[in-house]
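J.: This is the structure I have questions about; it appears just below.
The values are calculated or read from the model by the stated rules, or taken from the named source; none is laboratory data. No experiment lies behind these values; they were computed from the predicted model shown. Here Cβ is always computed from backbone atoms with ideal geometry, including for glycine, and neighbour counts include all displayed protein chains. Ligands, DNA and RNA are excluded from the accessible area calculation, which covers all protein heavy atoms including side chains. Shrake-Rupley method; radii C 1.70, N 1.55, O 1.52, S 1.80 Å.
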Amino acid sequence: MDLHHLRYVVALAEEASFSRAAARLGVAQPSLSQQIKKLEADVGRPLFDRLPRRVVPTQAGQRLVEHARLILAHFADAVRHVGETDGQVAGPVAVGAIPTIAPFVLPGLLTELARKHPAVRPQVVEDVTDRLIEMVERGDLDVAILSTHPGGRTVHVERIATEPLLLVVGPRHRLAKAKSVAPDQLAGERLLVLHEMHCLSGQVRKVCDRRRLSPAVVMRGAQLATIAGMVGAGLGVSIVPEMMRRAGGAGRCAFVRLGKEEPTREICAAWSLLRYRTGAARAVVDLLRARLGTKRDILPS
């Protein structure tokens, strides 16, 4: 058994398909299938159950997958550590961010990273919080940028900034010119929100619960840009992060403060406690701190 076999096992477990795993690994599907069969023969037991629509690890296979992930992560860390013996900030860095942060923070952050550290090669993933944390735990991501998360024994989460959540309305809405609104002014409004898998959806629900609001949810979308388009067309209102206003991400929509006890969300960086943190990974977090700090207005105008 060598590193290639371990990579094959992990890829097959994560993709649950020989064809998808082969495409991910850049090998022919028959070759992958043959290598898995050879490995099963070597260990003397089946590692995967071949079901009609998917492939799943057996109990033995799952144990091997867990060990394989650790071995591959440690090997990658060793290579990265050796590569930094000259002290240069260089090499690959995998950065993930949730969809309600990525379009507003990553372009400027990665532009600055390229300017300060041109030898760094960033790879970017946009996904929801739970999947980003899984990728950090597996060693697929060096840094994840997300909102509130408790972290854990193997993942450290550091709060970088706190940002207000704002009401966004169409340009002709009755509240479009208001500087601030009280909770009772939102009675009867139709609410547009993201799908429940997005942490912002849960944060909006908490805002409504604390203010004893029960707005009719008329849309659950996948992207803030879609929500903004619908709000701009007068189909309802939404609650969004302030960085969306700062980045001009809602067209002609109007943004309004939500009362004196303004709701907020946290912006956090997460990384694995089990992996070596490269200079490139540290540089990403340092730049994030420098750009966002602990201010409430977290993006430059």
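J.: Which net charge results when you count Lys and Arg as +1 and Asp and Glu as -1 among the other residues whose beta-carbon is under 14 Å from that of PRO30?
T.: Summing Lys and Arg as +1 and Asp and Glu as -1 gives +2.
J.: Related question: Around ILE98, with a cut-off of 11 angstrom between Cβ atoms, what is the net charge of the other residues, counting Lys and Arg +1 and Asp and Glu -1?
T.: After counting each charged neighbour, the total is -1.
J.: Further question on the same structure: Within the stretch 1-53, report the trypsin sites (Lys or Arg not before Pro) that DSSP leaves as loop and that have at most 10 other Cβ atoms within 10 Å.
T.: Loop-located and lightly packed - ARG53.
J.: Can I ask one more? Output the antiparallel fraction of DSSP beta bridges having both residues in the chain, as a percent to the nearest 5.
T.: Bridges in the chain are about 55 percent antiparallel.
J.: At 1.4 Å probe size, with every protein chain present, just tell me what the per residue accessible area of the chain comes to in Å².
T.: Ligands and nucleic acids excluded, the figure is 52 Å² per residue.
J.: Using alpha carbons only, how many angstrom separate the centre of the stretch 95-132 from the centre of the stretch 14-82?
T.: Cα centroid to Cα centroid, the span is 29 Å.
J.: On to the next question. Please compute the net charge surrounding ILE71, taking Lys and Arg as +1 and Asp and Glu as -1 over other residues with Cβ under 14 Å from its Cβ.
T.: Around ILE71, the surrounding residues sum to +2.
J.: Another one. Scanning the chain for GluC sites (Glu not before Pro) in DSSP loops with at most 11 other Cβ atoms within 10 Å, what's the longest stretch left with none?
T.: 1-195
J.: Let me ask another. Can you list residues from other chains, or at least 5 along the same chain, whose modelled amide H is less than 5 Å from the amide H of SER147?
T.: CYS268
J.: Report, to two decimal places, the Cα Rg of the stretch 62-172 normalised by 2.2 N^0.38 Å (N = number of residues). Don't jump to the answer; show the numbers that get you there.
T.: Values: Rg = 16.9 Å, N = 111, 2.2 N^0.38 = 13.2 Å.
Normalised Cα radius of gyration, the stretch 62-172: 1.28.
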